[in-house]
Amino acid sequence: MTPNGWIQILLFCAAVLAVTVPLGAFMYRVLEGHEHFLKKPLGWLERLVYRLGGVTGAEQSWQAYSVALLAFSALTMLVTYALQRLQHLLPWNPQKLGAVEAASAFNTAASFTTNTNWQGYAGEASLSYLSQMAGLAWHNFISAAAGIAVAVALARGLTRKGEGRGPGTIGNFWVDLTRATVYVLLPLCLVLGLVFVSQGVIQNLTPYVQAQTLEGGQQLIAMGPVASQEVIKQLGTNGGGFMNANAAHPFENPNALTNFLSMLLIFAIPAGLTYTFGKMAGDVRHGWALFGAMAFLFLAGVSVAYWAEAGGSPTIVDRLGVQAGLGNMEGKEVRFGIASSALYATVTTDASCGAVNSMHDSFTALGGLVPLFDIQLGEVVFGGVGAGLYGMLVMAILSVFIAGLMVGRTPEYLGKKIETREVKLAMLYVLIFPLVILVFSAWSVVVPYGLSSLNNAGPHGLSEILYAFTSAVGNNGSAFAGIGANTAWYNTALGLAMLMGRFWMIVPALAIAGILAGKKASPPGPGTLPTSGPLFAALLVGVIVIVGALTFFPVLSLGPIVEHFLALAGKVY
Amino acid sequence: MSHVKAVSAWEAGILRAALLDALRKLDPRLMARNPVMFVVEVGSVLTTLLWLRDLLLRPVASEPLWFTGQVSLWLWFTVLFANFAEALAEGRGKAQAAALRGLRAETVARRLVDGREQPTPASGLRKGDLVVVEAGQVVPGDGEVVEGIASVDESAVTGESAPVIRESGGDRSAVTGGTKVLSDRVVVRIGVDPGQSFLDRMIGLVEGAKRQKTPNEIALHVLLSGMTIIFLIACVTLVPFGLYSGLSFTVTAVVALLVCLIPTTIGGLLSAIGIAGMDRLIRHNVIPMSGRAVEAAGDVDTILLDKTGTITLGNRMASEFLPAPGAKVEELADAAQLASLADETPEGRSIVVLAKERHGLRGRELKRPEAHFVAFSAQTRMSGCDIDGRVIRKGAADAIAAHVSRLGGRVPVLVEQAVKAVAQSGGTPLVVSDGPRVLGVVHLKDIVKGGLKERFAKFRAMGLRTVMITGDNPLTAASIAAEAGVDDFMAEATPEMKLRLIREEQAKGKLVAMTGDGTNDAPALAQADVAIAMNSGTQAAREAGNMVDLDSNPTKLLEVVEVGKQLLMTRGCLTTFSIANDVAKYFAILPALFMAVFPEIAPLNVMGLASPRSAILSAVVFNALVIVALIPLALRGVRYRPLGAAALLRRSLLVYGLGGVVVPFVGIKAVDVVLAAVGLV
């Protein structure tokens, strides 16, 4: 580890901190329908969407909100599926790529609809420009906006003063979706897209370039409208790369500045939303407590990853006596180095982005454990756009339930009593996550069609399969790689896992929102559990880590943990 | 306290009964009520079957008999210990219920039918029946006195040996079945149908027979069941993950891991905690009508306290003589005493006593025929005596002013000022006159009960707001409120205002607790979230409340709140402890499971346990023993300290969270050492 590396990490933290308040406050004004400076220049667009869609903007119950979200997602998923299957008949296909195979098209449609952006295919080799832009790029916007919508709906449920007579309303899905897209995602993408172009990210619709290499060989260099996708890929924590190499590709992520900006964009909205929530709750300090818990988990993760990668492979360093030098550079871009690669890996897995600038598969056992465990914490360390906040709020509800009892009161969160129904729904939410991951992974490791495309044996192979399903259910989308995921089994199983990880968790979250929205809130007093300040943040961290660790520790010990001990003993896979 | 008294859980009889009950509770239909322990029971059955299979068929690749046998044995112990805890908590209630049931001895009631008495068995009485009860007879059922007045010995129900007066009309008309009339004759209208009486309900409650899970208990059960499912998935999927890694786990080992991970500690003690919480209230002589009310007590934000009887002693006491200009204080005291000699009210007596204590004036024999006493009347609002030609009066300032002006005197300015000063300080001024001459003012003061200020301060620290309710004027109220240290007061209160105050507080999302005894308290009691009716109160009040205080002591509210909080805290602390325990159990069992194929994982065996089988067994044994070790805590409840929520949380997290992580490391290692030493592994 070097001072330079730590400076990069700390500089990144400072930048995240700096954008949290302005972006959070802006999103608060946008999402709650207050005045803001973009209302004049872009208001027409919002009104146009409403007129075209016949949106009245009436308040919805949680059921109506869920139905709108599910119907919208189903429809857009279908469109993306159709586009891929028919791309050979449609324009903007200069490479004359054929129709995408059914299982792969299902997987990709599910992947982009759920904000996962897992890619079982190589983008430049299988998708036409039209499929990339019309099929995928817009999902980057709307799946992110849908995440924000769910988060703000749950936030409303927690902060609205109910009448105590049955469930309340939680806003309007179409309005939330439109506002998040028009005022937050689009303007930021326009401005920053130009910045990315200025740094050398390509943006064109020309055919791939045939180049002659120095050795005299022929190389086909992929082209395409990359910059316009690059910003939303990060900002919407989508992570689906235009190129197969994702952010390790020089056309996607050419230099240190774009790399830094990319990471900042990943954390910007999730971090800002904690402040938005604080404003909605009328208690900014509570928002900071959530931020603090996330920041602590993030720093812990990045420290371990950086330490493990900088130390290099224990087998090589300890057994062969080779100096660590730069550290474990295998699978990392030289232009980013150890610190920026470890940082990027932590950021992209903490937030459910999944863009990568290095190969997580090539990390040391412990270094690779960090991205894996980050996702297994439930994507709440800043987390996906919106998804991070609603996941964190569900964890907060559970924390409050256990800790609230310890202060001798029926647990309450922001003054709302947490009772059987909320606990039931919150448990359902946390239950689905390990259920889908573990069942699919366990299934895959014992069947021939699960193992046939595996490139590595032993604990490392287990980690690869576990990582794939963890990434899918967590809607992260990054890959440990090392398995050929473009098979019928993995395309189908991972596609289902993504849909379950997204929608089976969103519906309980919205149900909690609706039920809590109708509840009366009692004002906080010295006898109520304090939900701001370091004590609450520490409690939250404790619950998140213990729930995550207790659930996944057995399988992790058979994967990365045992791999680490084997590496110490000189056995590698 | 006599009948509803503390029965120690550790009496031999109760212990024996609880052990039997623990076995009886193994019935899977009963166990299914508690999902966590049900899983353990299924695990016990499974391992027992495996052990039998191995014993009879001796298959090759399996755990040795001694290992499966011991694991299975300790799993059964885990279930039994949990059942034992519940049975023990119930046992105390059962002993109390048996004592109460003795009171229900069949009596023959004298039912009035068309004005004539007709002997009817008490169990045949229905709501609305009229019965006659005379001195020496037992009241046959709950009801209301509609005719007559009698002294009643209620010690059978309340434990209070001094008899109480019950009379028709007013707030002291309710009688309870099983109590004994000591004097006179009353007619009682029966208020309940058979099986519904107060005594019946009390028996049902203390026995726990009709015990339903309370809302928070259900929510906690949901959480624990959810965690059980998560661990079930984690353990079951570990089998294929193991197969992939070349490990084949035995069912015994997986079951052992599962049982150690699921929250058996809290799962096993949860219902005992709830029953014990009810029991603690009953030992304070408060009968909760539902478990829900006990939980709500922990959540109370605002406490409404009647001034009289709760904050102040029932009566005002003379505290000072303030002579008028030109009058001596002895002269005033003497006149005041003369005016009060025949005044049997506590205020009157306190004047006599004060005069005696301060000025050595002995109570004089006043049976002299020339003394003529004038009793207080609502018209004159004065009392006093005519003696030796003197006309001595005491009364309210305006009444005396009118009286002396009729006799040609007037009230001196300084006396008027003294009257005002006394009123402002929260006292009641009584002016004393001798003929047309005003002698001065007697300061009657509300006496605030001792120790209340400290208690209210404690409650403030807990985040509870106390509001004093009084019919006094705002000045008086403010002064007493300040002296008692309550947070707020409501002066010149009427029952309607009380009800409105409760609704307002509830609209702000607060939970309100109050006590009451009168019929006019009933609407407010019904509205309040925690309503304690005094046992001495009317039937209406007792039905509106959700708890009954047998001692009729309004300050009991404070204990009730503490018990409620203690109940919730005990649940929270043991849940935290239970979950935190899992960390150590992982470090015990996982390395043991993986060691066969991955000996390199040995450093994870941080406790240095003797062998893989010893590690698993030690964790299972520790898991069972910790339930037994925590039974006393579950029954007693964690200690409650009146601190703010933040301080409480920090403390509990440290003790039960951090402690929960550390303790099992030590415990499992200790069990391992013992098992190895004894040669069981």
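For residue A:300, indicate whether it is over 25 Å from residue A:124 (Cβ atoms) and in contact with a Leu (Cβ under 8 Å, 6 or more places away or on another chain).
Here the answer is no, as residue A:300 does not meet what is asked.
Kindly indicate whether residue A:352 is open to solvent by 10 Å² or more (accessible area, probe 1.4 Å) and away from every other protein chain (no Cβ under 14 Å). It would help to see each step written out before you state the result.
Values: open to solvent by 10 Å² or more (accessible area, probe 1.4 Å): no; away from every other protein chain (no Cβ under 14 Å): yes.
Against the criterion (open to solvent by 10 Å² or more (accessible area, probe 1.4 Å) and away from every other protein chain (no Cβ under 14 Å)), residue A:352 does not qualify.
Kindly list, by first and then second residue, each pair from a residue in the stretch B:647-676 that is free of Cβ contacts under 8 Å to residues at least 40 places away in the same chain to a residue that is not in a helix (DSSP H, G or I), limited to pairs with Cβ atoms under 7 Å and residues at least 6 apart or on different chains.
Hits for this filter: B:649/A:407; B:649/A:529.
Output the residue which, of all residues in the stretch A:339-379 that are over 9 Å from the mean Cα position of the chain (by Cα) and among the β-branched types (Val, Ile, Thr), is farthest from residue A:286 (Cα to Cα).
A:364
Does at least one position in the stretch B:51-65 carry a residue that is surrounded by fewer than 16 Cβ atoms within 10 Å (Cβ to Cβ) and closer than 30 Å to residue B:636 by Cα? First the steps, then the outcome.
In the first step, residues of the stretch B:51-65 are kept if they are surrounded by fewer than 16 Cβ atoms within 10 Å (Cβ to Cβ); the result is B:52-53, B:55-61, B:64-65.
Cutting the leftovers down to closer than 30 Å to residue B:636 by Cα gives us none.
No, that holds for no residue.
Just give me the residues in the stretch A:109-159 being buried (at least 24 other Cβ atoms within 10 Å of the Cβ) and in a loop (DSSP other than H, G, I, E, B), in sequence order.
A:114, A:115, A:116, A:117, A:118, A:119, A:127, A:128
Could you check how many residues of the stretch A:543-573 are at the interface with chain B (Cβ under 7 Å from one of its Cβ atoms) and open to solvent by less than 30 Å² (accessible area, probe 1.4 Å)?
Number satisfying all stated conditions: 8.
Quick one: what pairs do we get from the stretch A:388-411, first residue in contact (Cβ under 8 Å) with a residue 24 or more places away in the chain and of a type in the set (S, T, N, Q), second part of a helix (DSSP H, G or I) and open to solvent by 10 Å² or more (accessible area, probe 1.4 Å), C-beta under 7 Å, 6+ apart or different chains?
So the pair list comes out as A:399/A:539; A:399/A:543.
Tell me the helices (runs of 4 or more DSSP H) entirely within the stretch B:167-277 that contain at least 2 residues that are at pLDDT 90 or above, within 30 Å of residue A:558 (Cα to Cα) and within 13 Å of another protein chain (Cβ to nearest Cβ).
Once the helices (runs of 4 or more DSSP H) in the stretch B:167-277 are filtered for at least 2 residues that are at pLDDT 90 or above, within 30 Å of residue A:558 (Cα to Cα) and within 13 Å of another protein chain (Cβ to nearest Cβ), what remains is B:215-244, B:251-261.
Please specify each residue of the stretch B:545-597 satisfying the condition of being hydroxyl-bearing (Ser, Thr, Tyr) and either more than 7 Å from chain A (Cβ to nearest Cβ) or in contact with a Ser or Thr (Cβ under 6 Å, 6 or more places away or on another chain) (or both).
Scanning the stretch B:545-597 gives B:552, B:555, B:570, B:578.
Which condition breaks for residue A:404 when tested against (1) more than 14 Å from chain B (Cβ to nearest Cβ); (2) assigned to a helix (DSSP H, G or I); (3) buried (at least 24 other Cβ atoms within 10 Å of the Cβ); (4) not polar (S, T, N, Q)?
Going through (1) more than 14 Å from chain B (Cβ to nearest Cβ); (2) assigned to a helix (DSSP H, G or I); (3) buried (at least 24 other Cβ atoms within 10 Å of the Cβ); (4) not polar (S, T, N, Q) one by one, residue A:404 breaks only (1).
Could you please let me know if residue B:618 is hydroxyl-bearing (Ser, Thr, Tyr) and under 26 Å from residue B:255 (Cα atoms)?
yes
Which members of the stretch B:161-180 meet the condition of being open to solvent by 60 Å² or more (accessible area, probe 1.4 Å) and not small (Gly, Ala, Ser)?
Within the stretch B:161-180, B:163, B:165, B:167, B:171, B:172, B:180 qualify.
Report whether or not residue A:341 is of a type in the set (Ser, Thr, Tyr), buried (at least 23 other Cβ atoms within 10 Å of the Cβ), within 14 Å of chain B (Cβ to nearest Cβ) and touching a residue at least 12 places away in the same chain (Cβ under 8 Å). Can you show your working first?
On the way: of a type in the set (Ser, Thr, Tyr): yes; buried (at least 23 other Cβ atoms within 10 Å of the Cβ): yes; within 14 Å of chain B (Cβ to nearest Cβ): no; touching a residue at least 12 places away in the same chain (Cβ under 8 Å): yes.
Spelling it out, it is not the case that residue A:341 is of a type in the set (Ser, Thr, Tyr), buried (at least 23 other Cβ atoms within 10 Å of the Cβ), within 14 Å of chain B (Cβ to nearest Cβ) and touching a residue at least 12 places away in the same chain (Cβ under 8 Å).
Of everything in the stretch B:404-429, what is part of a strand (DSSP E or B) and open to solvent by less than 30 Å² (accessible area, probe 1.4 Å)? Give them in sequence order.
B:429
If you take the residues of the stretch B:598-613 that are in contact with a Leu (Cβ under 9 Å, 6 or more places away or on another chain) and assigned to a helix (DSSP H, G or I), which of them is farthest from the other protein chains (Cβ to nearest Cβ)?
Among them, the one singled out is B:612.
May I ask you to list the residues in the stretch B:302-340 that are within 14 Å of chain A (Cβ to nearest Cβ) and over 16 Å from the mean Cα position of the chain (by Cα)?
Passing the criteria: only B:302.
Residue under question is residue A:420, and the condition is that it be of a type in the set (S, T, N, Q), open to solvent by less than 10 Å² (accessible area, probe 1.4 Å) and either within 30 Å of residue A:243 (Cα to Cα) or within 13 Å of chain B (Cβ to nearest Cβ) (or both); does it hold?
No.
With the condition kept exactly as written, say whether any residue in the stretch A:233-256 is assigned to a strand (DSSP E or B) and at pLDDT below 85.
Here is the first cut: in the stretch A:233-256, the residues assigned to a strand (DSSP E or B) are none.
Checked the stretch A:233-256: no residue is assigned to a strand (DSSP E or B) and at pLDDT below 85.
Residue A:167 fails exactly one of the following numbered conditions: (1) surrounded by fewer than 15 Cβ atoms within 10 Å (Cβ to Cβ); (2) farther than 26 Å from residue A:251 by Cβ. What is the number of that condition?
It fails just one condition, (1).
Return the pairs, sorted by first residue and then second, in which the second residue is of a type in the set (Lys, Arg) and part of a helix (DSSP H, G or I), the first residue lies in the stretch B:438-463 and is farther than 23 Å from residue B:423 by Cα and free of Cβ contacts under 8 Å to residues at least 40 places away in the same chain, the beta carbons are less than 7 Å apart, and the residues are 6+ apart or on different chains.
So the pair list comes out empty.
Looking at the stretch A:423-471 only, could you name the residues that are among the β-branched types (Val, Ile, Thr), within 7 Å of chain B (Cβ to nearest Cβ) and open to solvent by less than 10 Å² (accessible area, probe 1.4 Å)?
Listed by number, the residues that qualify are A:423, A:445.
Could you tell me which numbered condition residue B:380 fails, if it satisfies all but one of (1) open to solvent by less than 30 Å² (accessible area, probe 1.4 Å); (2) outside any strand (DSSP E or B); (3) of a type in the set (Val, Ile, Thr)?
(1)
Among the residues of the stretch A:519-539, are any on the phi > 0 side of the Ramachandran plot and either under 21 Å from the mean Cα position of the chain (by Cα) or more than 13 Å from chain B (Cβ to nearest Cβ) (or both)?
Among the residues of the stretch A:519-539, not one is on the phi > 0 side of the Ramachandran plot and either under 21 Å from the mean Cα position of the chain (by Cα) or more than 13 Å from chain B (Cβ to nearest Cβ) (or both), which makes the answer no.
Among the numbered criteria (1) under 30 Å from residue B:580 (Cβ atoms); (2) in contact with a strand residue (DSSP E or B) (Cβ under 9 Å, 6 or more places away or on another chain); (3) open to solvent by 10 Å² or more (accessible area, probe 1.4 Å), which single criterion is violated by residue A:516?
Status for residue A:516: all satisfied but (3).
Among the residues of the stretch A:355-373, which ones are open to solvent by 10 Å² or more (accessible area, probe 1.4 Å), in contact (Cβ under 8 Å) with a residue 60 or more places away in the chain and outside any loop (DSSP other than H, G, I, E, B)?
Those that are open to solvent by 10 Å² or more (accessible area, probe 1.4 Å), in contact (Cβ under 8 Å) with a residue 60 or more places away in the chain and outside any loop (DSSP other than H, G, I, E, B): A:361, A:365, A:366, A:369, A:370, A:373.
Please go through the stretch B:308-326 and pick out each residue that is open to solvent by less than 10 Å² (accessible area, probe 1.4 Å) and at pLDDT below 85.
Listed by number, the residues that qualify are B:310, B:311, B:312.
Here is a list of conditions, (1) surrounded by 24 or more Cβ atoms within 10 Å (Cβ to Cβ); (2) of a type outside the set (Val, Ile, Thr); (3) at pLDDT 80 or above, and residue A:102 meets all of them except one; can you say which number that is?
It fails just one condition, (1).
The values are calculated or read from the model by the stated rules, or taken from the named source; none is laboratory data. Note that this is a predicted model, so its numbers are computed, not measured. As a convention, Cβ positions derive from the backbone with ideal geometry for all residues, glycine included, and neighbour counts pool all protein chains shown. Surface areas here come from the heavy atoms of the whole protein model, side chains and all, with no ligands, DNA or RNA. Shrake-Rupley method; radii C 1.70, N 1.55, O 1.52, S 1.80 Å.
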